[in-house]
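Data block below; observations after.
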Amino acid sequence: MEYYPFTQGDVDYAVQMSSWWQTRLIKLIMHGDDIVGFLFAFPDVSAALQRAKGHLFPSGSLIS
């Protein structure tokens, strides 16, 4: 197993992009003071697509 630490550029980019993150959907894995991993969770949209009968947009566009 290999380990590639985050560079300062990685951290700066993450901080810049954090304005659109939902913090409840992101988990950081820490080892001491270091970030060693992360997890992005995505909300389940299948129920909404089922209610819309597969239409992604009100214009009638289908996703499949």
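Go through segment 15-33 and report how many residues are open to solvent by 100 Å² or more (accessible area, probe 1.4 Å), over 14 Å from PRO5 (Cα atoms) and part of a loop (DSSP other than H, G, I, E, B).
Number of matching residues: 0.
If you scan segment 34-54, which residues turn out to be in a strand (DSSP E or B) and modelled with pLDDT under 80?
Matches in segment 34-54: ILE35 only.
If we keep just the residues of segment 1-14 that are in a loop (DSSP other than H, G, I, E, B) and free of Cβ contacts under 8 Å to residues at least 24 places away in the same chain, which is surrounded by the most Cβ atoms within 10 Å (Cβ to Cβ)?
Looking at residues that are in a loop (DSSP other than H, G, I, E, B) and free of Cβ contacts under 8 Å to residues at least 24 places away in the same chain, I get THR7.
The values are calculated or read from the model by the stated rules, or taken from the named source; none is laboratory data. The model shown is predicted, which means the values in this text are computed figures rather than measured ones. A quick note on method: Cβ atoms are made from the backbone with ideal geometry, for glycine too, and the neighbour counts reach across all protein chains shown. In case anyone asks, the SASA skips ligands and DNA or RNA and just uses the protein heavy atoms, side chains included. Shrake-Rupley method; radii C 1.70, N 1.55, O 1.52, S 1.80 Å.
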